[in-house]
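Since the structure comes first, as structure tokens, the remarks are kept for the end.
The values are calculated or read from the model by the stated rules, or taken from the named source; none is laboratory data. As the structure is a computational prediction, the values presented were derived from the model and not from experiment. Don't worry about glycine lacking a Cβ; one is built from the backbone with ideal geometry, like all the others, and counts go over all protein chains shown.
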Amino acid sequence: MNNANGLSRKHILSVLVDNQPGVLSRVTGLFSGRGFNIDSLCVSETLDPLVSRITLTAEGDMAVLEQIKKQLNKLINVIKVWDFTDKEFVQRESALVKIRAKGEDRAEILRNADIFHATVVDVASETYTLEVTGDEGKICAFIKLLKPFGIKEIARTGPVALARDRK
Amino acid sequence: MVILTGQVPTRLIGNDAFQEVDIVGITRPCTKHNYLVSKVDDLGRVLKEAFHLARSGRPGPVLVDIPKDVTQAETSYEPSGELLLRSYNPTYEPNQRQLSKALTLLQESKRPMILSGGGVLLSGASEELRAFARRLRVPVASTLMGLGAFPGSDGLWLGMIGMHGTFRANQASGNCDLLIAAGVRFDDRVTGKVEEFAPSAKIVHIDIDPTSIRKNIAVEVPIVGDCRITFARLNKLTEEMGITVAPDERLPWLAIIAEWKASKPLRYEQSETIKPQFVVERLYHLTGGEAIVTTEVGQNQMWAAQYYCFDRPNSFITSGGLGCMGFGLPAAIGAQIAHPERLVVDIAGDGSIQMNIQELAAAVQYGLPVKVAILNNRYLGMVRQWQELFYDRCYSCTNMEHAPDFVKLAEAYGALGLRASRPEEVDEVIKRALEFNGPVLMDFMVEREECVYPMVPAGRPITEMLLV
């Protein structure tokens, strides 16, 4: 399809689905079946235990995303799909960062953590494990800042998001 | 279609048990929905949902996998009442504003055409489509899957569109200023090069499946809805708005189409050997066009689509989008079971028929008088055609000179086998087959290197056709 929206960009989709085995596989199968990579994926139960929310980020042009949204809606187990692209929404991501921390670095790392409102969740003689929460930009900035100290491991949740309500 | 499959007992699932297959996982991409029933108490609800899903919205196959212990368990059955599918709610009723827009476009149009697809048949919209097209004198082309929805003998009929479509249908799509497409998904075999499909047309697209709309083709007026309801609403609106077509208003457009038809009709050269097109034509005449025709996949399928004139809906059963060889005989058996009183003919190739020829045993066992007509060119003909046209006649793995003797094979199954090797024997063979009350396999030894024409090379605009 020829279209003016050929630009590839990042999209955050929020998908409410039936909380049943195999549903996640149906959703991810839609992406893999069309050759698209999912950058991040977050699934959890909602207030209604029969319903889960999937938050996923993926890259693609508008035409491709349109098609994927339609295909998602077509899945029997999908209840609702939101695309937060160009919408008002809040997003948060968490990361656990295990970092080498020896001698003078230990104090310096804590000072940096403080600026980012990160908390220490585990302390060992030669490492700290820090927890930080924020939007994607903040997480990336934090990781960039800590890199010189020597990051041993990172676990990131990927974003979760909700639409903003009218004030 | 609802498919029930047997699974290993629940306690063995995931253990790589004997003959265990994750059938729900395997069939996920090729079913509309599927289920694994792990508790017998769920069975009633699941089966009810399965039949509902398979038949409603855009129909599709639903698979229900039932472990052995569930099939053997006992439970008390309670009718489950209302279905609770909060996430499944197909749109049947079209948007009124879009309908008006479509009709406005039609009023402005000088060269309109309708493209009718499988969705028109699935929704049972033939009557409504015919009324709409005839009232507003709009010529109708069809996809392979839509054949029969509009009568092949009607004056407004353009024929099949696409790679092996008629010259006039393809030219009409290239020259029309309005294309009303109903129940189609604009498959690449229909559009050819998408960028040059219907270049001067505004497109109205009616489909119950929103994913079909704007998937391959940009459209002016998208209408999500059931084809039958949509055409019924359009007919009503046409009446209310008092839209009529003056007798001579369409004349210039219909004259151009008539000229295309006269100058470049479907045609083939008669010769000393049997032409496959001739067999299909004779089948049409000798069955009075009354048969339910199923096909295998390949050249046989295209010749059946081109030369059997379908006047009635649901009379042509073929594997279109997926193109599954071996489809025709089992489909014929199914059609015969559903319609014991009707004549069912499988138009087959010698390659495809061998994919499921063992089903002849079922036809004999259950006394199903299906007639199989093999257009036997001892090639996988369609692939050979591509190898001839696009691969410099480098025939690779398409020659089937050592196919079995189909007459003897038919007899071995307990069916009647008949053969025609010369054109003058064709009628006799068909007549004997039609008179025989039981399954018959007709072996027509046809011209070996006959090609299906017209043809649009893959990736080319469909107005650029190779003709005979």
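Taking the range A:143-156 on its own, how many of its residues are under 21 Å from A:Gln91 (Cβ atoms) and either assigned to a helix (DSSP H, G or I) or free of Cβ contacts under 8 Å to residues at least 12 places away in the same chain (or both)?
3
Considering (1) free of Cβ contacts under 8 Å to residues at least 40 places away in the same chain; (2) facing another protein chain (nearest Cβ under 8 Å), say which one A:Thr28 fails and leave the rest.
Among (1) free of Cβ contacts under 8 Å to residues at least 40 places away in the same chain; (2) facing another protein chain (nearest Cβ under 8 Å), the lone unmet condition for A:Thr28 is (2).
Tell me whether the range A:15-24 contains one or more residues that are more than 10 Å from every other protein chain (Cβ to nearest Cβ) and farther than 25 Å from B:Asp65 by Cα.
Yes, the range A:15-24 has at least one match.
Among the residues of the range B:75-129, which ones are on the phi > 0 side of the Ramachandran plot and outside the structural domain of B:Met241 (by TED's automatic domain parsing)?
Once the filter is applied, which keeps residues that are on the phi > 0 side of the Ramachandran plot and outside the structural domain of B:Met241 (by TED's automatic domain parsing), the range B:75-129 yields only B:Gly81.
Which of the residues that make up the range A:31-51 are in contact (Cβ under 8 Å) with a residue 24 or more places away in the chain, surrounded by 12 or more Cβ atoms within 10 Å (Cβ to Cβ), more than 10 Å from every other protein chain (Cβ to nearest Cβ) and touching a strand residue (DSSP E or B) at 6+ places or on another chain (Cβ under 7 Å)?
Listed by number, the residues that qualify are A:Phe31, A:Phe36, A:Asp39, A:Ser40, A:Leu41, A:Cys42, A:Thr46.
Checking the structure you have, find out if any residue of the range B:45-68 is more than 31 Å from the chain's Cα centre (by Cα) and among the polar types (S, T, N, Q).
No, every residue in the range B:45-68 fails to be more than 31 Å from the chain's Cα centre (by Cα) and among the polar types (S, T, N, Q).
Whether any residue in the range B:85-98 is within 14 Å of another protein chain (Cβ to nearest Cβ), in a loop (DSSP other than H, G, I, E, B), surrounded by fewer than 18 Cβ atoms within 10 Å (Cβ to Cβ) and β-branched (Val, Ile, Thr) is what I want to check.
Checked against the condition, which is being within 14 Å of another protein chain (Cβ to nearest Cβ), in a loop (DSSP other than H, G, I, E, B), surrounded by fewer than 18 Cβ atoms within 10 Å (Cβ to Cβ) and β-branched (Val, Ile, Thr), the range B:85-98 yields at least one hit.
What about B:Arg384, is it loosely packed, with under 15 Cβ neighbours inside 10 Å and modelled with pLDDT of 95 or more?
When the stated conditions are applied, B:Arg384 does not pass them.
Please go through the range B:42-67 and give me each residue that is part of a helix (DSSP H, G or I), within 20 Å of B:Gly321 (Cα to Cα) and either of a type in the set (A, V, I, L, M, F, W, C) or at pLDDT below 95 (or both), ordered by number.
Matches in the range B:42-67: B:Ala54 only.
Is it the case that some residue within the range B:7-19 is assigned to a strand (DSSP E or B) and away from chain A (no Cβ under 11 Å)?
yes
Any chance the range B:216-237 includes a residue that's out of contact with any Lys or Arg (no Cβ under 6 Å at 6 or more places or on another chain), within 22 Å of B:Met465 (Cβ to Cβ) and aromatic (Phe, Trp, Tyr)?
no
Within the range B:43-62, take every residue that is buried (at least 16 other Cβ atoms within 10 Å of the Cβ) and of a type in the set (D, E, K, R) and give me the one that is farthest from the other protein chains (Cβ to nearest Cβ).
B:Arg45
Can you tell me which residues in the range B:311-330 are without any contact (Cβ under 8 Å) to a residue 60 or more places away in the chain and over 13 Å from B:Met145 (Cβ atoms)?
B:Cys324, B:Met325, B:Gly326, B:Gly328, B:Leu329, B:Pro330 - these are the residues of the range B:311-330 that are without any contact (Cβ under 8 Å) to a residue 60 or more places away in the chain and over 13 Å from B:Met145 (Cβ atoms).
Kindly indicate whether any position in the range A:69-78 is within 13 Å of chain B (Cβ to nearest Cβ), over 19 Å from the mean Cα position of the chain (by Cα), in a strand (DSSP E or B) and crowded, with 20+ Cβ neighbours inside 10 Å.
Checked the range A:69-78: at least one residue is within 13 Å of chain B (Cβ to nearest Cβ), over 19 Å from the mean Cα position of the chain (by Cα), in a strand (DSSP E or B) and crowded, with 20+ Cβ neighbours inside 10 Å.
Among the residues of the range B:20-30, write down those that are closer than 16 Å to B:Ala50 by Cα and at the interface with chain A (Cβ under 10 Å from one of its Cβ atoms).
Residues satisfying the conditions are B:Val24, B:Arg28.
Could you give me the residue pairs with C-beta distances under 6 Å whose first residue belongs to the range B:412-429 and is farther than 16 Å from B:Asn377 by Cβ, whose second residue is modelled with pLDDT of 95 or more and in a strand (DSSP E or B) wherever it lies, and which are 6+ apart or on separate chains?
Close Cβ pairs (under 6 Å, with a partner that is modelled with pLDDT of 95 or more and in a strand (DSSP E or B)) amount to B:Ala415/B:Leu441; B:Leu416/B:Val440; B:Gly417/B:Leu441; B:Leu418/B:Met442; B:Val429/B:Leu418; B:Val429/B:Ala420; B:Val429/B:Met442.
Is it the case that some residue within the range B:269-283 is under 23 Å from B:Leu129 (Cβ atoms), surrounded by fewer than 24 Cβ atoms within 10 Å (Cβ to Cβ), aromatic (Phe, Trp, Tyr) and at pLDDT 95 or above?
No, that holds for no residue.
Every residue, every condition in (1) closer than 30 Å to A:Val17 by Cα; (2) within 14 Å of chain B (Cβ to nearest Cβ); (3) touching a helix residue (DSSP H, G or I) at 6+ places or on another chain (Cβ under 7 Å); (4) at pLDDT 95 or above, yes or no:
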site	(1), (2), (3), (4)
A:Arg100	no, no, yes, yes
A:Asp105	no, no, yes, no
A:His117	no, no, no, yes
A:Gly137	yes, no, no, no
A:Phe142	no, no, no, yes
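Select from the range B:160-174 the residues that are outside any loop (DSSP other than H, G, I, E, B), in contact with a helix residue (DSSP H, G or I) (Cβ under 8 Å, 6 or more places away or on another chain) and buried (at least 23 other Cβ atoms within 10 Å of the Cβ) and list them in ascending order.
B:Met160, B:Arg168, B:Ala172
Can you name the condition, by its number, that B:Arg419 falls short on among (1) touching an Asp or Glu at 6+ places or on another chain (Cβ under 7 Å); (2) closer than 30 Å to B:Ala458 by Cα; (3) of a type outside the set (Val, Ile, Thr)?
Here B:Arg419 clears every test but (2).
How about the range B:132-147: which of its residues are in contact with a helix residue (DSSP H, G or I) (Cβ under 7 Å, 6 or more places away or on another chain) and touching a residue at least 40 places away in the same chain (Cβ under 8 Å)?
Within the range B:132-147, B:Phe132, B:Arg135, B:Leu136, B:Pro139, B:Thr143, B:Leu144, B:Met145, B:Leu147 meet the criteria.
Would you mind finding the one in B:Glu388, B:Glu341, B:Glu435 that is within 30 Å of B:Arg460 (Cβ to Cβ) and of a type in the set (Asp, Glu)?
Checking each option against the conditions leaves just B:Glu388.
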